[in-house]
Amino acid sequence: MSEETVRVLGIESSCDETAAAVVADGRRALSNVVASQVQIHARFGGIVPEVASRQHLLAIVPTIRRALDEAGVGWADLACVAVTQGPGLAGSLLVGVNGAKALAFSRGLPLVGVNHLEGHIYANWLTGAEIEFPVLCLIVSGAHSDLVVMPGHLRYDRIGQTRDDAAGEAFDKVARILGLGYPGGPAIQRAALKGDPTKLRLPRAWLPDTCDFSFSGLKTAVLRVVERQAELGLTVEDVAASFQESVADVLVEKTRRAAEDFRVRQVLLAGGVAANALLRKWMAERVPLPVIVPPLEYCTDNAAMIAAAGHYRFAAGVRSGLDLDVEPSLKLV
Ligand code: KG4
Ligand code: ZN
């Protein structure tokens, strides 16, 4: 192995995926292991925090071991351990943070705390694309819908956010209304393939003159439609397709306008909802700038993105002490 390569072990446990990965030079994932709990929580129709932390405890050690094995590296090859500090579920975050602290202490490795959202953004550095600042980043996850301008590495100016539900939350809630199960995003995407979006026009909250979003009105509109679904002659698939178009339309159009107003050079997508095929397609078609989109495995929660963000924080001299604590409400800016 060459002397110059910087390898970072990333650990992620903020929600319902226990993940560990090794990333070289902040740009190349050597491994990306995700132990998903999705089947366990699907039974309850959503994440049960106590169950999540218990599953993290069971999965954390084998997941880290596999990440090192698959990358073909040992402890001596690592430059540091990067771990998600927040935002997320306290009990879930604690497992990753305490695991990372134990490893950093016992192996004599530097520890770097990472913001989960920063991780989602840095998933874009794993694509191999040359990223040129300033960039506009649309972060759309289960808890966030933010538009952020990055003038340079690790610098974030938030220009827009959701005023109520996050995009992913809207997908999850509407999937529940439509009886499509959990997690809602992939279920709605699958159902929409068989639906006709032209049969129903759902509202779009444009919130003119701001880069903010709002999705709660759309969710209520779906609820009203579902009450009259038979009368309106609509299938669940039609409603799913129409809902998906409404969300994607607003996200793409507001991103396009913000990219123009803030004169950025590129657009990056981040977060679980960035896995949505229609959003990816429309973003590429309608934004007249290079649009960088992480591969699906780096959109939803994973540790390669945490290692990538950790790499840039480490390079900037960031070090966390062994008193690093979880921050369930940690902000990006
Ligand atoms: O980033 P993420 O994995 O976890 C959080 O940090 O929240 O995002 C999870 C969210 C969920 O709301 C899920 O329904 C949504 O991302 N999601 C999708 C798709 N895949 C996951 N939403 C729309 N289309 C998808 N294909
Ligand atoms: Zn996430």
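If I go through the stretch 292-308 residue by residue, how many of them are within 16 Å of residue 268 (Cα to Cα), open to solvent by less than 30 Å² (accessible area, probe 1.4 Å) and within 13 Å of the chain's Cα centre (by Cα)? Walk me through how you get there before you give the answer.
Initially, the stretch 292-308 is screened for residues within 16 Å of residue 268 (Cα to Cα), giving 292-300, 305, 308.
Going one step further and asking which of them are open to solvent by less than 30 Å² (accessible area, probe 1.4 Å), we end up with 292, 294, 298-299, 305, 308.
Those still in the list that are within 13 Å of the chain's Cα centre (by Cα) too: 294, 298-299, 305.
Total meeting the criteria: 4.
Looking at the stretch 243-256, I want the residues that are farther than 17 Å from residue 221 by Cβ and have a partner that is open to solvent by 10 Å² or more (accessible area, probe 1.4 Å) and assigned to a helix (DSSP H, G or I) with Cβ atoms under 7 Å, at least 6 apart or on another chain. Which pairs are those?
Close Cβ pairs satisfying both conditions: 252/282; 252/286; 256/286.
With the requirement that a residue be in a helix (DSSP H, G or I) and not aliphatic (A, V, I, L, M), what does the stretch 34-59 give you?
Correct list: 39, 41, 49, 50, 53, 54, 55, 56.
What are the residues in the stretch 166-203 that are within 16 Å of ligand 2 (Cβ to nearest atom) and either closer than 26 Å to residue 259 by Cβ or open to solvent by less than 20 Å² (accessible area, probe 1.4 Å) (or both), if any? Give the steps one after another, and end with the answer.
Pass one, the stretch 166-203, residues within 16 Å of ligand 2 (Cβ to nearest atom): 166-172, 182-186.
Residues satisfying the conditions are 166, 167, 168, 169, 170, 171, 184, 185.
Testing residue 107 on (1) touching a Leu at 6+ places or on another chain (Cβ under 8 Å); (2) in contact (Cβ under 8 Å) with a residue 40 or more places away in the chain; (3) outside the structural domain of residue 283 (by TED's automatic domain parsing), one condition comes back false. Which one is that?
Among (1) touching a Leu at 6+ places or on another chain (Cβ under 8 Å); (2) in contact (Cβ under 8 Å) with a residue 40 or more places away in the chain; (3) outside the structural domain of residue 283 (by TED's automatic domain parsing), the lone unmet condition for residue 107 is (2).
Quick check on the stretch 225-242: of everything there that is touching a residue at least 12 places away in the same chain (Cβ under 8 Å) and of a type in the set (Gly, Ala, Ser), which residue is farthest from residue 202 (Cα to Cα)?
Step one: list which residues in the stretch 225-242 are touching a residue at least 12 places away in the same chain (Cβ under 8 Å), which gives 225-226, 232-242.
Then keep just the ones that are of a type in the set (Gly, Ala, Ser); that gives 233, 240-242.
Working: 233: 15, 240: 11, 241: 10, 242: 7 Å.
This residue is 233.
Can you give me the ranges of the strands (runs of 3 or more DSSP E) entirely in the stretch 60-160 with at least 3 residues that are surrounded by 22 or more Cβ atoms within 10 Å (Cβ to Cβ) and at pLDDT 95 or above? Let's see the steps before the verdict.
Working: elements: 80-86, 111-115, 135-140, 145-150, 157-160.
Where strands (runs of 3 or more DSSP E) fall fully within the stretch 60-160 and carry at least 3 residues being surrounded by 22 or more Cβ atoms within 10 Å (Cβ to Cβ) and at pLDDT 95 or above, they are 80-86, 111-115, 135-140, 145-150.
Considering only residues that are open to solvent by 40 Å² or more (accessible area, probe 1.4 Å) and among the hydrophobic types (A, V, I, L, M, F, W, C), which ones fall in the stretch 319-331?
322
Outside any loop (DSSP other than H, G, I, E, B), modelled with pLDDT under 95 and out of contact with any Leu (no Cβ under 8 Å at 6 or more places or on another chain): is that true of residue 230 in this structure? Break it down stepwise before answering.
On the way: outside any loop (DSSP other than H, G, I, E, B): yes; modelled with pLDDT under 95: yes; out of contact with any Leu (no Cβ under 8 Å at 6 or more places or on another chain): yes.
Considered against the rule, which asks whether it is outside any loop (DSSP other than H, G, I, E, B), modelled with pLDDT under 95 and out of contact with any Leu (no Cβ under 8 Å at 6 or more places or on another chain), residue 230 comes out as yes.
Do we find that residue 20 is surrounded by fewer than 20 Cβ atoms within 10 Å (Cβ to Cβ) and part of a strand (DSSP E or B) in this structure?
Details: surrounded by fewer than 20 Cβ atoms within 10 Å (Cβ to Cβ): no; part of a strand (DSSP E or B): yes.
Criteria not met by residue 20.
Please enumerate the residues belonging to the stretch 248-285 that are touching a helix residue (DSSP H, G or I) at 6+ places or on another chain (Cβ under 6 Å), of a type in the set (Val, Ile, Thr) and open to solvent by less than 10 Å² (accessible area, probe 1.4 Å).
252, 267
Among all residue pairs at least 6 apart or on different chains, which show Cβ distances below 8 Å where the first residue, located in the stretch 157-168, is in the same structural domain as residue 137 (by TED's automatic domain parsing) and the second is among the acidic types (Asp, Glu) and part of a loop (DSSP other than H, G, I, E, B)?
160/212; 161/212; 162/212; 163/212
Determine, yes or no, whether residue 49 is under 21 Å from residue 326 (Cα atoms), within 16 Å of ligand 1 (Cβ to nearest atom) and surrounded by fewer than 19 Cβ atoms within 10 Å (Cβ to Cβ).
Numbers: under 21 Å from residue 326 (Cα atoms): yes; within 16 Å of ligand 1 (Cβ to nearest atom): yes; surrounded by fewer than 19 Cβ atoms within 10 Å (Cβ to Cβ): yes.
Against the criterion (under 21 Å from residue 326 (Cα atoms), within 16 Å of ligand 1 (Cβ to nearest atom) and surrounded by fewer than 19 Cβ atoms within 10 Å (Cβ to Cβ)), residue 49 qualifies.
Name the pairs: first residue in the stretch 38-59 and closer than 11 Å to residue 89 by Cβ, second residue open to solvent by 30 Å² or more (accessible area, probe 1.4 Å) and of a type in the set (A, V, I, L, M), Cβ to Cβ under 6 Å, at least 6 apart or on different chains?
49/89
The values are calculated or read from the model by the stated rules, or taken from the named source; none is laboratory data. As the structure is a computational prediction, the values presented were derived from the model and not from experiment. Every residue, glycine as well, gets a Cβ built from its backbone with ideal geometry; the counts of neighbours run over all protein chains shown. Quick note on the areas: whole protein, heavy atoms, side chains included, nothing else; ligands and nucleic acids left out. Shrake-Rupley method; radii C 1.70, N 1.55, O 1.52, S 1.80 Å.
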